[in-house]
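Derivation of every value follows stated rules applied to the coordinates shown; laboratory data play no part. What you are looking at is a predicted structure, and each value in this text was computed from that prediction instead of being measured. Note: ideal-geometry Cβ built from the backbone for every residue, glycine included; neighbour counts use all protein chains shown.
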Amino acid sequence: MKPIFDESDPVELRLCVNGAVRTLCVPPLRRLLDVLREDLRLTGTKEGCGEGECGACTVLIDGQAVLACLTAACSAEGSEVVTIEGPGFERARREFLEHGAAQCGICTPGMIVMTRAWAEACRRDGIEPTEDGARAALAGNLCRCTGYGAIVAAAVSTAREGFP
Amino acid sequence: MRVVVARSIDAALAALASATEASRILAGGTDLCVEFESGRTRPDLVVEVGRVAELRFVRETQAGLEIGAGSTCADLLRSAPVARGADLLALAAREVGAVQIQNRATLGGNLVTASPAADLVPALFALGARVRLASLAGRRELLVEEFVTGYRATARRPDELVESVVIPPRPAGEHRAFHKVGTRRAQSISKVVVALALGPRGAGARIAAGSVAERTLRLATLEAALARGLARERLAQAVAHAVALDTRPRDDVRSTARYRRAVLERVLVRVLGPWLEPEGNAA
Amino acid sequence: MERYIGRDLARPDGPAKVEGRAVYVADLDVPGAWVGGVVRSTVARGLLLGLDFDPGFDWRTVAVATAADVPGENVVALIADDQPLLVAREIEHWGEPLALVAAPDELQLARALAAVRPRIEARAACFDLERSPRVFKSIRVAQGDAGAVFRDVPPGARVVEGTYRTDSQEQLYVETQGFVAFPPASDGSVTVRGSLQCPHYVQKALARALGIAPEEARVVQLATGGGFGGKEDYPSVLACHAALLARVARRPVRLILGRHEDLAVTPKRHPARVRVRAAFAADGTGLALEADVLFDGGAYTTLSPVVLSRGVLHASGPYRWPAAEIRGSVVATNHVPYGAFRGFGAPQTCLAIERLMDRAARELGIHPFELRLRNALRPGDTTVTGQRLEHSVGSLEVLEAIARRTGFDRHAWGAPHAESGPRRRGLGFSFFFHGAGFTGSGEELLRGRVSLALLPDGRVEVLAGSTEIGQGTQALFTAIAAEALGADAADVVLATPDTARVPDSGPTVASRTCMVVGGVLAAAAAELRQRVGDGAASWRERARAFLAGGGDGAVTRAYAPPPGARWDEHSYRGDAYPVYGWAADVAEVFVDEDTGEVDVARLWTAVDVGRALQPRLVTGQIEGGALQAVGWAHREVVSARDGRCEQDRLATCIVPTTLDAPRFDVTLVEVPYPGGPFGAKGVGELPMDGGAPAVLSAIEDATGIHPAQVPATPERILDLLVARAEEAHA
């Protein structure tokens, strides 16, 4: 939590989080990250830097991968928010485990959310998932443990589902 | 601090009517939320325009390509008209942050933040873009170089909203290039960024550079030399002269003034060289 | 037939991590907890004359602690006890803690922190390690008479020398450091939970600072988002601060560093300057080595003496030197204290010796691979401390493997390139070793313990103080225990590292968790297996029958040093480490000669791990460590201005992304170590040592310049390229 984001008067906001409609009374600039982690106790979304550099707080808003630390609650009003706790991550989770892509685990939720966003974009746009594509998609998610090889392989495996 | 969530241009303009120098417009949040986080900004009023649908469009008009200020970098990357008419903008958008940032960062935000290291702004300079501003008092249009006035400073009045940017039609035979040297290959802030456009025989050159002065700028001295039909053999010397005259790089946490000057020169020579005629062939 | 060794086991900690259920310190829900913050020094050296508390602020709404409130000793107990928990008078570095504040929420905390005004008299500070007035520790390693060789160089021999510098490096664990502390219980005992590597270090520090017995301080590790050494010593500071605040606030306090604060005040890799010279016979045989190692320790001793020790002991490289003299010092400056980071002093000296070997190869006209091969330590050789290498010496095996994999031994390294535009390709090489486990008698003195407890249902609980920080302790210990017991992995349960329950296994550092603690675990498990007895029935059935028969299902074992190991701390002679890991790297780079930008495209590495107990885990360690090394080599800049870290944001503290990372090619070489569990030896730090010299070697191959400083940033490379061009012009 950062003071300035919470300095204005609370307003009522409606969000759909992981399929459930939630009505909250929060300061409009409160970071979506704090809304998720503190108000909704969805702590799977991690804070690594608070300034949009590490990708640990990646969530989906209306299907797009965005950073919860740079999203004001009012900017997400009425949107569909999906976090790592939500449905639809089964394949990516399995691939991450099988490839040894999770070590300390702090970047893992953000990586998995980003992987899903990329996999869905590949399917939607009919783009063949490749290692280079995965590297470009995951370039905003920092990992200090793995050297990325296992993560990229897990992402490609995830996205290849449904491709011949 | 007051926060107004606007869902239309009219609502945003109404809210901005009472804005002061300390007020801020929140679009994608990728700059402003970082400023909040660092304590750099403590606004009296924040007008949130992130989901004003009227600000998010790309349309081809007689004046050229008009792009709504709320268009995100991802929008620019996906747009076929942008790829055709404003390719530099797409090349620059690819260099902004990483995917999550590109999904939120807006064209208008990059302009209004007016960071000297901005990636989209040099592309707009090189494209000769015009900036359309609106307020309750009316609308006006500025050349992008007139819009960006200094270090994180613009000609926008507190009550104005950047509505769109207009890119003039692409002249026939114009060469264009974009080159960024950053701290790493993604999610990086530029040490030097160059966007340029060059007509046949040096006509209509627009050479823009970022991170080499307190604001994005055009290398007027080099443009003039090119317009005079600079020969390839004289390029390096002309570039060195222009960089010395037109830029004001500084040492900072990302790089040094010496490096910035040297790399700007080398990048310009590398990009422009193949487009110039050798001596004798030159006009 | 082994069931779990050499086969990848599912990580016990995996499912919670991929589902976002793993609980890190920031995720802990502690009702009624206040948030803590630190008032810090804004000068690098000075006197704290006093703390003024703004009378306009309502101080009854918060809790404040100063040096006067420390109930025990005002020290961060580690090696020298010279670092105060809170400044009483003398300020030695920027960001040094002056006072602590706890408040009900962040808003109030921010207001309170701003309302504390320290009165400070600034003093002149020292930031130059070569002008330091104070030495924390000096070490000398000598063998034969190196001075004589350099004074009277044998005919035909050649002396090669160089000075190499390495800058600091940030660990950049993606989870910042943090603790939750609870107020003292009625019996005076104190509990903290947090992100850490070494629970028993924190326990000792808490006991000293709070004036309680160690067993009255309970330290519990939560899921920890990376450490890399960064959470070895600093958690002791943070835990004491949090516990002190909880004591004065009389309620739980969360003290979690924001990223800026974490970057600005936590310890990083020691900057170093290493002068090295070596004499070679004309055929490339090493005759003598001299090295002068200087580390910047920062403002307090912290772990510096041990970091220096490892640095000095690795300065010889994995080579035979009939005569050697290595002198090392770590000195005091007014930088934020430097600390542990994977490699722990060795990457700095490894860079120097490997760069020198490249330079020698060039000057002697011998292929750099051939020069290394000729001088490589082999089984039966002695190191510069007089240690005879007997077991698990995979030096020739890794050299052979890397040559087979890359053909580097046939690559015309350093040959002039045909002109082909500004983008130049180069291959570079490094050969290195790393002592596994604590230096010298460290393990013997520590006697790390592991306990096993047979549960009523027949499962076996492993009680160890070793922490899971991502490297795979849980999977590894499960595999070792199951294999040694002859049980199923599902029969093994791991206790949370909680000092109230687990014995002191020693810290999770120094590449010792698998080899040393894993070895103790294997021995304990073998003992339990012997007690329970083998048979046709399942482990659980046999274990339950054993318990029903009144059997004692509790086993505790301590580390026993290998027979015959000897070490003299005074002369630095003897067996410096129980065993060494061996490795060789080849890096492929593309250098843009216009911009000095380096793209490390591929990194091949061949690593003698003794035995790969969990191949996926060990590969993960090697790739992750190698990327940290590659980042340090050319991209990760850490600098200080007037003692203040300049890269205190992730926007400026640059580490590699997916697009910056090379493609890795890892060859696991197995030369079993009889002293480790199932032949394994420690390799956690080894991959950090070789990446930087391999990348710099490749830059030299691509461009002809000889980078002598890490990181070889584009700015530094461009300066060298310009100097080379000017030389060629002159």
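Between residue C:526 and residue B:42, what FRET efficiency comes out of the Förster formula 1/(1 + (r/R0)^6) with R0 = 45 Å and r the beta carbon distance, rounded to 0.05?
So, using R0 = 45 Å, E works out to roughly 0.10.
Relative contact order, percent, of region C:460-533 when contacts are C-alpha pairs under 8 Å separated by at least 6 residues?
Computed value for region C:460-533: 42 percent relative contact order.
Provide a whole-number value for the mean count of partner chain Cβ atoms within 10 Å of the Cβ atoms in peptide A:36-46.
Other-chain Cβ atoms within 10 Å of each residue's Cβ, averaged: 3.
Please give the peptides B:22-33, A:63-74, C:435-446, C:490-501 ranked by average Cβ packing (other Cβ atoms within 10 Å per residue), highest first, as a rough proxy for protection.
Most protected by this proxy first, the peptides run A:63-74, B:22-33, C:435-446, C:490-501.
What ranking of A:11, C:87 emerges when the number of other C-beta atoms within 10 Å of each C-beta is taken as an exposure proxy, fewest first?
In order of increasing Cβ crowding within 10 Å: A:11, C:87.
Starting from the Cα of residue B:180, draw a straight line to each of the lysines and keep only those under 21 Å, dropping any in the same chain fewer than 8 residues away.
The reachable lysines, counting only those whose Cα sits under 21 Å from residue B:180, are B:191.
Give the distance, in whole Å, between the Cα centre of region C:707-730 and the Cα centre of region C:252-328.
25 Å
Along Cα→Cβ, 7 Å out, is where each label goes; now give me the distance between the ones at residue C:215 and residue C:140 in nm to one decimal.
Taking the simple label geometry, residue C:215 and residue C:140 are separated by 4.6 nm.
If each of residue C:281 and residue C:548 carries a label point 7 Å out from its Cα toward its Cβ, how far apart are those two points in nm?
7.2 nm
Around residue C:650, which amide H atoms from residues at least 5 apart in sequence, or from another chain, sit under 5 Å from its own amide H, with H modelled in the peptide plane?
none
For chain B, what does the helix formula give at 222 nm: sum of -39500 (n - 2.57) over DSSP H segments with n ≥ 4, over the residue count, nearest 500 deg cm²/dmol?
Taken over chain B, the calculation gives -9000 deg cm²/dmol.
When DSSP assigns beta bridges and you keep just the ones with both residues in chain C, what percent turn out antiparallel, to the nearest 5?
75 percent
Take every residue in peptide C:173-184, count the Cβ atoms of other chains within 10 Å of its Cβ, and give the average of those counts.
Partner-chain Cβ atoms within 10 Å, mean over residues of C:173-184: 3.
Pairs C:231/C:681; C:17/C:231; A:46/C:681: which are spaced more than 29 Å apart, C-alpha to C-alpha?
As for pairs spanning more than 29 Å Cα to Cα, those are A:46/C:681.
Going by how many other Cβ atoms sit within 10 Å of their own, how do C:410, C:251, B:234, A:116 line up, fewest first?
So the residues, fewest neighbours to most, are C:410, B:234, C:251, A:116.
May I ask for the distance between the Cα centers of region B:21-75 and region C:20-39, given as a whole number of Å?
34 Å
Would you pull out the residues with amide H under 5 Å of residue C:601's amide H, same chain only if 5 or more places away, H placed 1.01 Å from N?
Hits under the 5 Å cutoff: C:588, C:589, C:590.
Sequence gap at least 6, Cα distance under 8 Å: using those rules, report the relative contact order of region A:3-82 to the nearest whole percent.
Reported as a whole number, the value is 34 percent.
What is the distance, in nm, between label points placed 7 Å from the Cα along the Cα-to-Cβ direction at residue C:534 and at residue B:214?
Placing both labels 7 Å along Cα→Cβ, they lie 8.2 nm apart.
How high is the relative contact order of chain C, given as a whole-number percent (alpha carbon pairs under 8 Å, six or more residues apart)?
Relative contact order comes out at 16 percent.
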